[in-house]
Amino acid sequence: DARVTQTPRDKVTEMGQEVTMRCQPILGHNTVFWYRQTMMQGLELLAYFRNRAPLDDSGMPKDRFSAEMPDATLATLKIQPSEPRDSAVYFCASGTHKDRAYEQYFGPGTRLTVT
Amino acid sequence: RKEVEQDPGPFNVPEGATVAFNCTYSNSASQSFFWYRQDCRKEPKLLMSVYSSGNEDGRFTAQLNRASQYISLLIRDSKLSDSATYLCVVKRGGADGLTFGKGTHLIIQP
């Protein structure tokens, strides 16, 4: 049963520290997404890649966030420097076209707490 | 105005009852529609896509009204295991990212 994997599952860090989150998409999926979920805002799209090329990062604060896909099996989301308001669950999802729908499969998320 | 709006609930429903959720979306360029389910402290999972003609998957029925920009989900014969948050999701044409509502919390009571 293919799944999206994410590491770490939980991260507690102090304000100002660098945080790197990693995602391994499902093999064969050509599109990878980063979402953030908070109680206040719900789920929001941060950025996404297709065939490893960044297509849209308009949802991401660019001064401190960066997303990359060094190869087809790894996507990273980096926050430097981290701030308390970055505390959230960060989900990676991968997807592919199937029939009439574009299905996305979510990883288990990284729960980030910035103190 | 949020792009996708849902009643947050919670909906407290007795086991075996029928429950319906609604959702409205504001962007007329929305092209694809979905219901996702999210259990507490878990990732969202696709429940079903929503097609213009309406579609059914077992006890679940989804309807789309493009004119009113309205999506619905009906759950028949509800089970305890249906307790979760149901997320209404839209995708704009020409974009791949999904726009999520904040979800409707459903609690099925024995």
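The values are calculated or read from the model by the stated rules, or taken from the named source; none is laboratory data. It should be emphasised that the depicted structure is a prediction, and the values quoted were computed from it without experimental measurement. A quick note on method: Cβ atoms are made from the backbone with ideal geometry, for glycine too, and the neighbour counts reach across all protein chains shown.
Regarding the stretch A:69-88, can at least one residue be identified that is small (Gly, Ala, Ser), in contact with an Asp or Glu (Cβ under 7 Å, 6 or more places away or on another chain) and within 14 Å of another protein chain (Cβ to nearest Cβ)?
no
Among the residues of the stretch A:81-97, are any buried (at least 21 other Cβ atoms within 10 Å of the Cβ) and assigned to a loop (DSSP other than H, G, I, E, B)?
Looking for residues that are buried (at least 21 other Cβ atoms within 10 Å of the Cβ) and assigned to a loop (DSSP other than H, G, I, E, B), one finds at least one in the stretch A:81-97, hence yes.
Name the residue that is nearest to the other protein chains (Cβ to nearest Cβ), counting only residues in the stretch B:35-88 that are aliphatic (A, V, I, L, M) and outside any strand (DSSP E or B).
Looking at the filtered set, the residue picked out is B:67.
So residue B:8 clears everything in (1) within 26 Å of residue A:110 (Cα to Cα); (2) in a strand (DSSP E or B) except one condition, right? Which one?
(2)
Filter the stretch A:7-43 for residues that are surrounded by fewer than 17 Cβ atoms within 10 Å (Cβ to Cβ) and free of Cβ contacts under 8 Å to residues at least 40 places away in the same chain and give the result.
Of everything in the stretch A:7-43, those that are surrounded by fewer than 17 Cβ atoms within 10 Å (Cβ to Cβ) and free of Cβ contacts under 8 Å to residues at least 40 places away in the same chain turn out to be A:39, A:40, A:41.
Given the condition free of Cβ contacts under 8 Å to residues at least 24 places away in the same chain, touching a strand residue (DSSP E or B) at 6+ places or on another chain (Cβ under 7 Å) and surrounded by 15 or more Cβ atoms within 10 Å (Cβ to Cβ), answer yes or no: does some residue in the stretch B:21-44 qualify?
Yes: the stretch B:21-44 contains one or more residues that are free of Cβ contacts under 8 Å to residues at least 24 places away in the same chain, touching a strand residue (DSSP E or B) at 6+ places or on another chain (Cβ under 7 Å) and surrounded by 15 or more Cβ atoms within 10 Å (Cβ to Cβ).
Of all residues being away from every other protein chain (no Cβ under 12 Å) and under 16 Å from residue A:80 (Cα atoms) in the stretch A:51-65, which is surrounded by the most Cβ atoms within 10 Å (Cβ to Cβ)? Just the residue, please.
A:65
So is residue A:28 farther than 13 Å from residue A:95 by Cα, modelled with pLDDT under 95, in contact with a strand residue (DSSP E or B) (Cβ under 8 Å, 6 or more places away or on another chain) and not in a strand (DSSP E or B) or not?
No; evaluated as a whole, the condition is false for this residue.
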